[in-house]
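S.K.: Here's a structure for you.
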Amino acid sequence: MIRYLTAGESHGEALVGIVEGVPAGVPLVAADINKHLARRWLGFGRGGRAKFERDQVHIYSGIRFSKTMGGPIALRLDNAAFKKDKSGWPQVMALDGNGQDIERVTLPRPGHADLVGVQKYKFDDIRPVIDRSSARETAMRVACCSIARQFLKQFNIHVNSHVVRIGEVGYTDPSEWQQHVQKLIENGGEKLNDAADASEVRMLDATLSAQCIDHIKEIKKQGDSLGGQYEVIVTGVPPGLGSYVHWDRKLDGLLAQAIMSIQAQKGVEVGDAIRNTFTPGSQVHDEIVGRNGHFERRTNHAGGIEGGMSNGMPIIVRGYMKPIPTLIKPLDTVDIESGEPQPTRYERSDVTSVPAASTVAESTVAYAIANAFLDKFGGDSFEEIYQRFSKETA
Ligand code: EPS
């Protein structure tokens, strides 16, 4: 079982992570992580911070001669925002002192962790809630989960994603993109990612991409924000990961947690789950065919999961993200200090970060799949696991 823990505030000095339980002998260098950290910054609609944050991971332990050693892997990512001249963050986020000369944040944003965070931790300042609940933390999540992803890659298991819709612009039905996606994933690898990354909004259709950029520009002018939908696809997953006998090992349940644990994600769909609720069973269930001594499905409406287990078809998970709660356009709130009604105050933010969320979801999904894989084939070393995997899938 791989476990990871992240620490750090958005405007503190750094984010830190520890990844534990990675088998020995997995090839890993910083570039395997940095590649995905850079992809996380892709996407039209990001705010001012995207212009200067350049995430490069520092690896402190757990690796020798470009391979994991089986021990905990410690990671650090610096926040460029902290060191930026005149930013004032070292004073605002200081580890000591009493902060009496620092202006407090007292206007909670609707839709954000702000208000409940101060109620829960008995703060008189929203700053600590803003800084830990911030999606900045997903940078370290991507770093940690890229190690799980690197492990899966050794078994030819690849994770790809693309954006389906941002706000009101995008595909409306899976049938509109499935053939295109099928071509990009049929030989494994990351061709789907390459195609999505070539678009500023990670959309596969050039016309929709252009319309989407206009939509984001218009919403920005209105001082508003946008959510959206994306799809993550995992290829090369052997049948039998997950469980039908234990609720807490069901693969779809684990994938739902992987998506919902990301800031601002509010819904998950496995395969064509929503379409399937409108459609009779005979057009939903994927018929079984025999091919070269293997079983396959004619279609993949189930998204590669039946009975809580992978069935050997590509795993398809869709995430639904709410609009970012930090708006230029003020919403009604109440000052936590005076109790007086007030409009919210603008803080620097993104208009949308659905493209970034899609890459974070790739990472958290990789983590969930890697653990289900280890549950079935696990061992201390890559060699040992590879032997088990090869025997089962021969
Ligand atoms: C975020 C607000 C913005 C985003 C940040 C998430 O940061 P700032 O307040 O410093 O402008 O840029 O995202 C990241 C820093 C990141 O790495 O994704 C928020 O409030 O969640």
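The values are calculated or read from the model by the stated rules, or taken from the named source; none is laboratory data. Since the structure is predicted, the reported quantities are computational estimates derived from the model, not experimental observations. Here Cβ is always computed from backbone atoms with ideal geometry, including for glycine, and neighbour counts include all displayed protein chains.
S.K.: Quick one: which residue in Thr326, Thr359 is among the β-branched types (Val, Ile, Thr), closer than 22 Å to Thr235 by Cβ and within 16 Å of the ligand (Cβ to nearest atom)?
M.R.: Thr359
S.K.: How many residues does the stretch 41-58 contain that are at pLDDT 95 or above and either surrounded by fewer than 17 Cβ atoms within 10 Å (Cβ to Cβ) or over 21 Å from Cys145 (Cα atoms) (or both)?
M.R.: 2
S.K.: Any idea how many residues of the stretch 36-52 are without any contact (Cβ under 8 Å) to a residue 40 or more places away in the chain and in contact with a helix residue (DSSP H, G or I) (Cβ under 9 Å, 6 or more places away or on another chain)?
M.R.: Going through the stretch 36-52 one residue at a time, the tally reaches 1.
S.K.: A further question on this structure: Only one residue in Ile219, Ile259, Ile213 is touching a strand residue (DSSP E or B) at 6+ places or on another chain (Cβ under 8 Å) and modelled with pLDDT of 95 or more. Which one?
M.R.: Just one listed residue meets the conditions, Ile259.
S.K.: Okay, next question. For the stretch 261-275, name all the residues that are assigned to a loop (DSSP other than H, G, I, E, B), more than 11 Å from the chain's Cα centre (by Cα) and in contact (Cβ under 8 Å) with a residue 60 or more places away in the chain.
M.R.: Asp272
S.K.: Filter the stretch 338-382 for residues that are in contact with a Pro (Cβ under 9 Å, 6 or more places away or on another chain) and part of a helix (DSSP H, G or I) and give the result.
M.R.: Phe373, Leu374, Lys376, Phe377, Phe382
S.K.: Can you give me the ranges of the helices (runs of 4 or more DSSP H) entirely in the stretch 19-101 with at least 2 residues that are touching a His at 6+ places or on another chain (Cβ under 8 Å) and within 16 Å of the ligand (Cβ to nearest atom)?
M.R.: By residue number, 80-83, 89-92.
S.K.: Further question: Looking at the stretch 168-179, can you tell me whether even one residue there is within 16 Å of the ligand (Cβ to nearest atom), buried (at least 20 other Cβ atoms within 10 Å of the Cβ) and within 17 Å of Ile316 (Cβ to Cβ)?
M.R.: Within the stretch 168-179, none of the residues are within 16 Å of the ligand (Cβ to nearest atom), buried (at least 20 other Cβ atoms within 10 Å of the Cβ) and within 17 Å of Ile316 (Cβ to Cβ).
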